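Below is one structure; the comments refer to it alone.
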Amino acid sequence: MNQAILDSGVNEVKLRIDMGKEELDKILHLSSFIAGGVGARGTPALFVNENFSPGYIPKNRIIGLLK
């Protein structure tokens with residue numbers, strides 16, 4: 001298990017169970033399909049309201065998008 005996940009306090013047993021569910025694969029495939037359809041090709045990709053930002057954007061710009 002990834003150290004960041006362990007450090008987060010997530011229930012490791014539940015996470016392992018959830019990761020094995022077929023439903024998760026369906027959600028990931030659908031999310032990937034939708035993201036690809038709007039031009040998101042990697043991470044980070046940020047959607048705020050109607051604004052799409054492919055790649056890193058600074059915190060102050062994110063705050064501006066939220067207003």
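Each value in this text was obtained by applying a stated rule to the coordinates, not by laboratory testing. Bear in mind that the values here come from a model prediction, so they are computed numbers and not experimental data. Cβ coordinates were reconstructed from backbone atoms using ideal geometry, including for glycine residues, and neighbour counts include every protein chain displayed.
Here are the numbers:
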{"quantity": "Qualifying positions in the range 48-57 - surrounded by 13 or more Cβ atoms within 10 Å (Cβ to Cβ) and not β-branched (V, I, T)", "calculated": "N51, F52, S53, P54"}
{"quantity": "Selection count where residues are exposed (fewer than 12 other Cβ atoms within 10 Å of the Cβ) and among the aliphatic types (A, V, I, L, M), scope the range 38-47", "calculated": "1"}
{"quantity": "Residue count for the range 1-37, restricted to those that are loosely packed, with under 11 Cβ neighbours inside 10 Å and either among the aromatic types (F, W, Y) or assigned to a loop (DSSP other than H, G, I, E, B) (or both)", "calculated": "7"}
{"quantity": "Any hit, the range 38-45, residues being assigned to a helix (DSSP H, G or I), under 28 Å from N60 (Cα atoms), of a type in the set (S, T, N, Q) and without any contact (Cβ under 8 Å) to a residue 60 or more places away in the chain", "calculated": "no"}
